[in-house]
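Take a look at the structure set out below.
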Amino acid sequence: MKIIVVGCGKIGTTIIESLVSEGHDVVAVDSNKSAVDEVGNIYDVMCLCGNGVDWETLSEAGVEKAELFVAVTGSDEFNMLSCYIARRMGARHTVARIRNPEYNDRSLSYMRQMLDISLPLNPELFTAHEAFNTLKLQSAVNIETFSQRNLEMVELIINEGCRLDGCSLMELKKRYRADYLICAVKRGSEVIVPGGNFVLRRGDKIGLVAAPNGISKIIKMLGFADKQAKSVIILGASMTAFYLAKLLVASGNSVKIIDKSEERCRTFAERIPEAVVICGDGAEQEVLLEEGLDKADAFVTLTGMDEENILISFFAASREVPKIITKVNRSELAEMAEKLGLNSVVSPRKIVSDILIRYARALENSLGSNVETLYKLMDSEVEALEFNVSEDFEGRGIPLKDMKFKPNLIIAGIIRKRKPFIPTGDDVILSGDKVVVVASGQKFIDLSDILGQR
């Protein structure tokens, strides 16, 4: 599929990398020659140095043949105009990065309609939602939602003394009778889609699927802490911090924001009066301790510096703060942080990349059982995909135990008429269902792709 990406900054480069890995024909456009040259040296893409709202530049990029046009420069207005022009020149679908909170309020739907934008992208808002979801459970490394929050997948780590250590999945099901499924395990560098005889060990990272209304009880039943963070300290008055603070305040949380910029602090104090805003250098340990770090339920680092976020998170961990979330964009630093014990890492680049991959796969689909949700789990080595089931799906009405699937995948959940359940071998898939598939080492565009040869 031909895709044009305008903007070769951090977000744009990550999107290009993901789309190239998916096998798409990508054209990169940016007015900064050094940025374009760097992308061209690393990835097998066509590169153009030019203005993303210029007719000649877009024409040279082949916009009239583009299935997808993505504008992710640093300017919301530029991105929207670029998408508008691209759509008028023949691009079939457009995606614009729109970050400003004023645009992401009531006016967003109007602008989408008037400018014919297929999908607005707000990395900061998406990151805030991911952090907000993770704060709901103390033990959760990550929480992803499916089918408008009808089903959730929680990543947990089996620590020393956890009652899951040494238990097989079959034993767990007999011992703890509840509607849940452990659908993926990462052990060291190996990722496994486990069967009933698989034995869990200390240090494993597991993916657990259950309905949202019961997941807290299930986690507590399995021996994990289920406390929800009530008092939260946020370091860095960034755009992500703004969105996260708004979500937390609306949920009744106590929120304190620390930043050394007087201007940003003044803006936050005016726009979020329910939060406590402190002007100070959060990199100084004394400041954090004076502002009650030791008594906080959670600490979230959202400065613009990955290294600073990691180092200050380590200090919070040394003070035994129950929940720590660290924003890290660079993948190599994110891996290092997790190996050193910072388990809850959020990355705007990764979140946006997942969204674009999902959207591109949905456009590729031709049979109708398209991808509605896609997440990269277990440090991006496992995919969890939600499919809409069409009448064309040849596995309809067949018990799962009688179906032949490709290796390293599992049907983790079915949502039928907005009611989720964890399927057994006797359950069947029906048209109109939403089906969550967890798989390792494979790419699926359509639900039919999961079927093996009979």
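Data table
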| item | result |
| --- | --- |
| Any chance PHE393 is of a type in the set (Phe, Trp, Tyr), open to solvent by less than 40 Å² (accessible area, probe 1.4 Å) and in a loop (DSSP other than H, G, I, E, B) | yes |
| Lone unmet requirement of (1) within 28 Å of the chain's Cα centre (by Cα); (2) open to solvent by less than 20 Å² (accessible area, probe 1.4 Å) for LEU288 | (1) |
| Filtered residues of region 178-202 (kept if touching a residue at least 60 places away in the same chain (Cβ under 8 Å) and open to solvent by 60 Å² or more (accessible area, probe 1.4 Å)) | ASP179 |
| Number of the condition not met by VAL438 [criteria: (1) touching a residue at least 40 places away in the same chain (Cβ under 8 Å); (2) not in a strand (DSSP E or B)] | (2) |
| Leading residue by the ranking (surrounded by the most Cβ atoms within 10 Å (Cβ to Cβ)) among those in region 230-256 that are in contact with an Asp or Glu (Cβ under 8 Å, 6 or more places away or on another chain) and in a loop (DSSP other than H, G, I, E, B) | ALA237 |
| Search result, residues across region 358-379 that are part of a loop (DSSP other than H, G, I, E, B) and within 23 Å of LEU119 (Cα to Cα) | ASN365, SER366, LEU367, GLY368, SER369 |
| Residues of region 196-210 classified as small (Gly, Ala, Ser) and either at pLDDT below 90 or touching a Cys at 6+ places or on another chain (Cβ under 8 Å) (or both), total | 2 |
| Any pair with Cβ under 6 angstrom, 6 or more apart, that starts in region 248-267 at a residue that is on the phi < 0 side of the Ramachandran plot and ends at one that is loosely packed, with under 13 Cβ neighbours inside 10 Å and outside any helix (DSSP H, G or I) | LYS260/ASP281 |
| Criterion (of a type outside the set (Lys, Arg) and free of Cβ contacts under 8 Å to residues at least 12 places away in the same chain) met by exactly one of SER318, SER313, SER331, SER344 | SER318 |
| Check on ASN370, open to solvent by less than 50 Å² (accessible area, probe 1.4 Å), over 18 Å from ASN133 (Cβ atoms) and not aliphatic (A, V, I, L, M) | yes |
| Some residue of region 162-185 being touching a Phe, Trp or Tyr at 6+ places or on another chain (Cβ under 6 Å) and not acidic (Asp, Glu) | yes |
| Failed item, numbered, when MET403 is tested on (1) of a type in the set (A, V, I, L, M); (2) open to solvent by less than 10 Å² (accessible area, probe 1.4 Å); (3) more than 20 Å from the chain's Cα centre (by Cα) | (2) |
| Residues (in a loop (DSSP other than H, G, I, E, B), surrounded by 13 or more Cβ atoms within 10 Å (Cβ to Cβ) and not hydroxyl-bearing (Ser, Thr, Tyr)) located in region 406-431 | LYS406, ASN408, ILE422, PRO423, ASP427, VAL428, LEU430 |
| Hits in region 10-46 (condition: assigned to a helix (DSSP H, G or I), over 23 Å from GLU124 (Cα atoms) and within 23 Å of the chain's Cα centre (by Cα)) | VAL20, SER21 |
| Residue count for region 273-304, restricted to those that are farther than 20 Å from VAL346 by Cβ and either part of a loop (DSSP other than H, G, I, E, B) or of a type outside the set (A, V, I, L, M, F, W, C) (or both) | 12 |
| Qualifying residues in region 312-341 (those that are within 17 Å of the chain's Cα centre (by Cα) and not charged (D, E, K, R)) - the one modelled with the lowest pLDDT | SER331 |
| Residue match in region 151-168 (condition: touching a residue at least 12 places away in the same chain (Cβ under 8 Å), buried (at least 18 other Cβ atoms within 10 Å of the Cβ) and small (Gly, Ala, Ser)) | no |
| Condition check for LEU356: modelled with pLDDT of 85 or more and buried (at least 22 other Cβ atoms within 10 Å of the Cβ) | yes |
| Residue in region 432-445 that is least open to solvent (accessible area, probe 1.4 Å), counting only those that are out of contact with any strand residue (DSSP E or B) (no Cβ under 7 Å at 6 or more places or on another chain) and of a type in the set (Gly, Ala, Ser) | GLY432 |
| Filter result for the condition that a residue is out of contact with any helix residue (DSSP H, G or I) (no Cβ under 8 Å at 6 or more places or on another chain), surrounded by 14 or more Cβ atoms within 10 Å (Cβ to Cβ) and either under 17 Å from ASN150 (Cα atoms) or without any contact (Cβ under 8 Å) to a residue 60 or more places away in the chain (or both), over LYS205, LYS220 | LYS220 |
| Count of residues meeting criterion [surrounded by fewer than 23 Cβ atoms within 10 Å (Cβ to Cβ) and in contact with a Gly (Cβ under 9 Å, 6 or more places away or on another chain)] in region 306-327 | 3 |
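The values are calculated or read from the model by the stated rules, or taken from the named source; none is laboratory data. The structure presented is a predicted model; accordingly, all values stated were derived computationally and were not measured. Every residue, glycine among them, receives a Cβ derived from its backbone with ideal geometry; neighbour counts consider all protein chains shown. For the accessible areas, the whole protein counts, side chains as well, though only heavy atoms, and no ligand, DNA or RNA atoms are used. Shrake-Rupley method; radii C 1.70, N 1.55, O 1.52, S 1.80 Å.
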